[in-house]
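Beneath this line is the structure, given in structure tokens, with notes to follow.
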Amino acid sequence: MNTRLDKHVYTIPEIVIGSCLSSLVFAFKHNIPILFKQIKKPFMFDDVYVVDPEFLEFGRGNKIPSVFLWEKLMLYHGFYGNIVAPDLARSIRIEEEQLKVTTEFSRLIRIKFDKLHIFDPSELDGIEPPIDSVEKLHTVIDWFNVKKGAKHNKTNLKFKENFLNEVWFYSSVRVPNPTYKDCVVRSYLTLEQLKDHDHSEVICRLQLQKIFKELNITERPRLEHAGRDIYWSYDEKYLDTDRLKFKNNHIDRITFNTSSTHKGSINKYVKLFSSSRNHTSSI
């Protein structure tokens, strides 16, 4: 007998759409499966305040790297089978009162649901457009390989301007010597500025080389631009329905009010892995 799995309809009462930190926290608190196409991992130097730091046994205050918590929660959801079509979903569409998920191998997964908690509307096709949309400053991340001027004691620089607003120096993964540092720059730019040469990768590199000289790191710095990431930012408002609930994906403080059993379960697994960035380091 030939069974066609792509004709089968799965039933999942509630699903969280998105892979940002907010979506993982919400899914964890309410024990709801998550579904996403793209991984939205936090920037490595962003932090979050956890009101109950003992929850994950951090042991050093409330402020921790967002990526550290994101990795632990993603690990938890994966271990407990709370990720729908993990690393397979290529499109997610609402059609005929169902979710239709197309996977990497062109298979179709049909899901009957009662409610979606949508943290990332861009992951979902077949929804109504936002009723209001306001462009905000977009976050621009420029990565640099430091070819000359990599040995110094600087860790973090902050400036008042939106362009080259903050600079982090971190141990290079390109070379075996941990005393050699590469760097990453965060800027906040408008769409017009992103199109402007005065805010391009080239100008960012030249401005950064000037900073190297002013700080006496080296008189002749040599920097190689390694990539630019843009986090588009729009304040969009969608109309909720009985089945579609649109959530805020911004988070800077988390309170965990969870049973001791739930706490023990996640701690059992997060101890197996180290964080991407040591949360005890001073940046």
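The values are calculated or read from the model by the stated rules, or taken from the named source; none is laboratory data. This structure is a prediction, so every number in the text was calculated from the model and none was measured. Every residue, glycine among them, receives a Cβ derived from its backbone with ideal geometry; neighbour counts consider all protein chains shown.
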Check your understanding: Within segment 89-126, restricting attention to residues that are part of a loop (DSSP other than H, G, I, E, B) and hydrophobic (A, V, I, L, M, F, W, C), which residue is surrounded by the fewest Cβ atoms within 10 Å (Cβ to Cβ)?
Key -> Phe105
Exercise for review: Filter segment 127-151 for residues that are under 30 Å from Leu164 (Cβ atoms), in a loop (DSSP other than H, G, I, E, B) and within 23 Å of the chain's Cα centre (by Cα) and give the result.
Suggested key: Lys136, Leu137
**Study point:** Verdict on Arg93 being of a type in the set (Lys, Arg) and over 25 Å from the mean Cα position of the chain (by Cα)
**Key:** no
Review point. Just checking, which of Thr155, Thr190, Thr218 is touching a residue at least 40 places away in the same chain (Cβ under 8 Å), surrounded by 15 or more Cβ atoms within 10 Å (Cβ to Cβ) and of a type in the set (S, T, N, Q)?
Key: Thr218
Point to revise | Wholly enclosed strands (runs of 3 or more DSSP E) of segment 161-269 bearing at least 3 residues outside the structural domain of Asn82 (by TED's automatic domain parsing), at pLDDT 95 or above and of a type outside the set (Val, Ile, Thr) | key: 166-171, 181-189, 222-231
